[in-house]
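J.: Encoded as C-alpha cells, here's the structure I'll be asking about.
The values are calculated or read from the model by the stated rules, or taken from the named source; none is laboratory data. All figures in this text were calculated on a predicted structure; none of them were measured in a lab. Note: ideal-geometry Cβ built from the backbone for every residue, glycine included; neighbour counts use all protein chains shown.
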Amino acid sequence: MSVLILGIEASCDDTAIALIEEGKILANCVANQAVHEAYGGVVPELASRSHQKNIIPVLEAALKKSNRSLSEISAIAYTQGPGLIGSLLVGCSFAKGLSLALDKPLIGVNHMQAHILAHFIDDPKPSFPFLCLTVSGGHTQLVLVHDYLKMEVIGSTIDDAAGEAFDKSAKILGLPYPGGPLIDKHAKKGLVKFNFSKPKVGPLEFSYSGLKTSILYTIRDKVKEEENFIQDNLEDLCASIQFSIVDILIDKLKIAIKKTGVNQVAIAGGVSANSHLRERFAELGENLNIDTFIPAFEYCTDNAAMIAITAHYKFLKNDFIDLAEVPSARLKF
Ligand code: KG4
Ligand code: ZN
C-alpha cells in the first residue's frame, strides 16, 4: 500500500493542508488570513480564531483536489512548533481528533525543518550535506543539513528575523502587513539611493534591529524636511531597504560556505521568495562555482506540502508521536 500523508500547517496566519502520496504532492491548499493587514502584524488571537473557521473547509478542498478520502490516509502530520501557541493548538487538536477518529498514527513536524525539506518536493534536489539559509518571519538561520532529519543550526539572528526586518520597515513606510512582498514589488522600479547601517556581530550571527532603527531615523529626519518624502521616494526607499537586508544575508552565507566547505547551498522560508535575494543567491552560486537550490514560490512561504514531505520521511522511520504530546511555541531541532 502506498504511503499517503495528510499534512496540517497552522503555526502562524496561514491555514494549510496538503496530501502527499509516496512523496508526490496531490493537493496543497491554503487559506490566507487578510484580517491582520490593518494591524501591521499578526494578531495571535485573531489568527487562532481564523484557523478554527478555515480548517474544515481547507481539509475538504484538499480531499476534493487529491481525489482521496480520509480512510485512505496512512498518517496525520501537523506542525508542532515553533509558532504562535494558539495557532499551533488549533492544528494540533484537529490532527489529534482526526488521528483518534480514523485510528491513524500521528506525526509531529518542526516547522523550520519543514521549510528546508520543501527542497525535496520537486527536482532538482540537493544532496547531503548541504547548507541552508532559512529566512522567515520569525527565524533567520544557517543550517547544516546532514540528512533529512539530522540538521545543525550553525548561525542565527540575535534579535529580529529577516522577514521581520522587511515587515517592520514596510510598517515605517506605511505599507500593510505582510510588507515583504510589497517592498519587493516597489523595489523593482527603484534604485539603491539610501545607505543604512550594517550590524557588527559575530561571523555567523545576524542582527536586524540596528538596521530597523537606522531606517526609522533616516526616514524621520527626511520627513521633517519634506512632508511627502516617503510617497515621493517609495520605490528608491524599498530598493535601498531590500538591498540592505539581502546584503547582510549574502555576506553571512559567504562566510558559512567558506567555513563548512560545502558545495550545495539552498535558501528556504518566506523571504526566499524575495526576487533580489533569489538573484543575488544565484549570482553567488555562479561566482563560487557551487550548486544553488531555490524553492518554487509556492513552497517558500508557509504551506502544508512542506509539512507533509517532512512527515513522509518521518513515516519511513516510524517516527510517530503520542496523543499526549503538546505543541511548543519555541520548538528547537
Ligand atoms: O515562512 P513564512 O511564510 O512564515 C514564517 O514562518 O514566518 O515567512 C513570512 C515572511 C514575512 O515576513 C514576509 O514579509 C516574508 O516572509 N516574505 C517576503 C516576500 N514574501 C514573503 N519578504 C521579502 N520579499 C518577498 N517577496
Ligand atoms: Zn514559515
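J.: Which of the residues belonging to the range 140-159 are surrounded by fewer than 22 Cβ atoms within 10 Å (Cβ to Cβ) and either within 16 Å of ligand 1 (Cβ to nearest atom) or farther than 14 Å from Leu204 by Cα (or both)?
T.: Within the range 140-159, His146, Asp147, Tyr148, Leu149, Lys150, Met151, Val153, Ser156, Asp159 qualify.
J.: Ok, one more. Picking from Asn263, Asn233, Asn195, which residue would you name as being on the phi < 0 side of the Ramachandran plot, more than 13 Å from ligand 1 (Cβ to nearest atom) and without any contact (Cβ under 8 Å) to a residue 40 or more places away in the chain?
T.: None of the other options fit; the residue is Asn263.
J.: Within the range 234-243, is even one residue surrounded by fewer than 19 Cβ atoms within 10 Å (Cβ to Cβ) and either over 24 Å from Val192 (Cα atoms) or polar (S, T, N, Q) (or both)?
T.: no
J.: Of these, Leu249, Leu253, which one is out of contact with any Ser or Thr (no Cβ under 8 Å at 6 or more places or on another chain), assigned to a helix (DSSP H, G or I), modelled with pLDDT of 95 or more and surrounded by 15 or more Cβ atoms within 10 Å (Cβ to Cβ)?
T.: Of the residues listed, the single one that is out of contact with any Ser or Thr (no Cβ under 8 Å at 6 or more places or on another chain), assigned to a helix (DSSP H, G or I), modelled with pLDDT of 95 or more and surrounded by 15 or more Cβ atoms within 10 Å (Cβ to Cβ) is Leu253.
J.: Does any residue of the range 175-196 turn out to be in a loop (DSSP other than H, G, I, E, B), under 18 Å from Gly137 (Cα atoms) and hydrophobic (A, V, I, L, M, F, W, C)?
T.: yes
J.: Same structure again: Right, Val153: within 16 Å of ligand 2 (Cβ to nearest atom) and not in a helix (DSSP H, G or I) or not? Steps first, answer last, please.
T.: On the way: within 16 Å of ligand 2 (Cβ to nearest atom): yes; not in a helix (DSSP H, G or I): yes.
So Val153 passes the test.
J.: If you don't mind, there's one more thing I want to ask. Which residue out of Gly269, Gly180 is within 14 Å of ligand 1 (Cβ to nearest atom), touching a residue at least 24 places away in the same chain (Cβ under 8 Å) and on the phi > 0 side of the Ramachandran plot?
T.: Of the residues listed, the single one that is within 14 Å of ligand 1 (Cβ to nearest atom), touching a residue at least 24 places away in the same chain (Cβ under 8 Å) and on the phi > 0 side of the Ramachandran plot is Gly269.
J.: Do we have Glu45 as touching a residue at least 40 places away in the same chain (Cβ under 8 Å), under 30 Å from Lys168 (Cα atoms), among the charged types (D, E, K, R) and crowded, with 19+ Cβ neighbours inside 10 Å here?
T.: Criteria not met by Glu45.
J.: Same structure, new question: For Gly81, state whether it is within 17 Å of Ala329 (Cβ to Cβ), surrounded by fewer than 22 Cβ atoms within 10 Å (Cβ to Cβ) and touching a strand residue (DSSP E or B) at 6+ places or on another chain (Cβ under 8 Å).
T.: Here the answer is yes, as Gly81 does meet what is asked.
J.: State the number of residues belonging to the range 110-127 that are within 12 Å of ligand 1 (Cβ to nearest atom), under 18 Å from Asp291 (Cα atoms) and in contact with a helix residue (DSSP H, G or I) (Cβ under 8 Å, 6 or more places away or on another chain).
T.: Going through the range 110-127 one residue at a time, the tally reaches 1.
J.: In the set Ser272, Ser240, which member is under 19 Å from Leu182 (Cα atoms), of a type in the set (S, T, N, Q), within 16 Å of ligand 2 (Cβ to nearest atom) and in a helix (DSSP H, G or I)? Please lay out each step first, then the result.
T.: Values: Ser240 fails: within 16 Å of ligand 2 (Cβ to nearest atom).
Ser272 is the lone residue from the list that is under 19 Å from Leu182 (Cα atoms), of a type in the set (S, T, N, Q), within 16 Å of ligand 2 (Cβ to nearest atom) and in a helix (DSSP H, G or I).
J.: What about Ser2, is it under 18 Å from Ile107 (Cβ atoms), over 20 Å from the mean Cα position of the chain (by Cα) and assigned to a loop (DSSP other than H, G, I, E, B)?
T.: Yes: the conditions hold for Ser2.
J.: What are the residues in the range 13-31 that are outside any strand (DSSP E or B) and surrounded by 24 or more Cβ atoms within 10 Å (Cβ to Cβ), if any?
T.: Within the range 13-31, just Asp13 meets the criteria.
J.: Restricting attention to the range 38-87, which residues are over 30 Å from Asp160 (Cα atoms) and basic (Lys, Arg)?
T.: Lys53, Lys64, Lys65, Arg68
J.: Another one. Spot the failing condition for Glu226; the list is (1) within 16 Å of ligand 2 (Cβ to nearest atom); (2) surrounded by fewer than 16 Cβ atoms within 10 Å (Cβ to Cβ), and only one is missed.
T.: Looking at each condition in turn, Glu226 falls short on (1).
J.: Something else about it: Only one of these is among the polar types (S, T, N, Q), over 16 Å from the mean Cα position of the chain (by Cα) and either surrounded by fewer than 15 Cβ atoms within 10 Å (Cβ to Cβ) or under 27 Å from Thr79 (Cα atoms) (or both): Ser328, Ser275. Name it. So that I can check it myself, show each step before the final result.
T.: Details: Ser275 fails: over 16 Å from the mean Cα position of the chain (by Cα).
After ruling out the rest, the residue left standing is Ser328.
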